[in-house]
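Every read-out reported here was derived from the displayed coordinates using simple, explicitly stated rules and does not represent laboratory data. All values derive from a computational prediction rather than experimental measurement. All Cβ positions, glycine included, derive from the backbone under ideal geometry; neighbour counts span all protein chains shown.
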Amino acid sequence: MTTSSHQHPRSALDAESVRQAYRRWARIYDTVFGGISAFGRRRAVEAVNNLPGKNVLEVGVGTGLALPAYRADKRITGIDLSEDMLERARERVVREELCNVDALEVMDAESTRFPDNSFDTAVAMFVASVVPNPARLLAELKRVVKPGGHILFVNHFLAPGGARLMVERAMARASRSLGWHPDFAMESLLPPRDLERCTIQPVPPAGLFTLVTLSNDKPA
Ligand SMILES: C[S@@+](CC[C@H](N)C(=O)[O-])C[C@H]1O[C@@H](n2cnc3c(N)ncnc32)[C@H](O)[C@@H]1O
């Protein structure tokens, strides 16, 4: 996607470049990114734990850093495009003896194989700015989550202005090798109607990440 608008990421990441980027990241992901993102991940999983319903879909589950934090009565299905990242998640499930992880599968979050209304909750942590088409991701999560269920995103979103905006614009040129879009605006993910009704909570460090919670208001 190439556009001059600051509301849209400037350089495209297709599924193959995501796989390639995370093949490189898999081995060092937890060390490099695990720390800075820990608070946002913890907030998102706490929010999921406090929501009704037990069937949870985690899209872009990656190395499974969030898996140990889900309450024991939640049943987790994790999907990811990257087999290399999933391999780490599978090792974690065995190592930490996690009994509530039902499946970890290679699958595209924009086009899953799950029937409609399969889950009570779907959560995407640091994924929305990575997927090739965020609008398709949202549509797919709405499809697989039950009416009245919840969809959560925790992500870095483009700063509204100031020095951070300039840095993010400059970093965006490296999107393909980074494996995510530093210049990802919330409007790229949520249409105006969802933006109006979702809950938006900044999370530390320094409001760098944001937790977005959306109820699935499709007809029953
Ligand atoms: C920044 S990592 C986040 C991993 C994990 N959620 C976490 O909190 O550490 C982004 C993950 O999203 C995955 N991903 C990107 N696009 C995807 C898609 N269309 N479907 C499924 N997974 C995707 C990548 O392979 C990668 O594992």
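Values as computed for the structure displayed
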item	result
GLU187 paired with ARG24, simple spin-label distance in nm, labels 7 Å along Cα-to-beta-carbon	3.1
Additional length obtainable on full extension of the chain from GLU87 to ILE36, 0.36 nm per residue less Cα span	16.2 nm
Local electrostatic count, VAL32, Cβ distance below 15 Å [Lys/Arg +1, Asp/Glu -1]	+3
In nm, spacing of pseudo-spin labels at ASP116 and GLU196 (7 Å Cα→C-beta vector)	2.5
Residue list for region 137-152, given a label point 7 angstrom along the Cα-to-Cβ vector of SER17 and an amide N cut-off under 18 Å	137
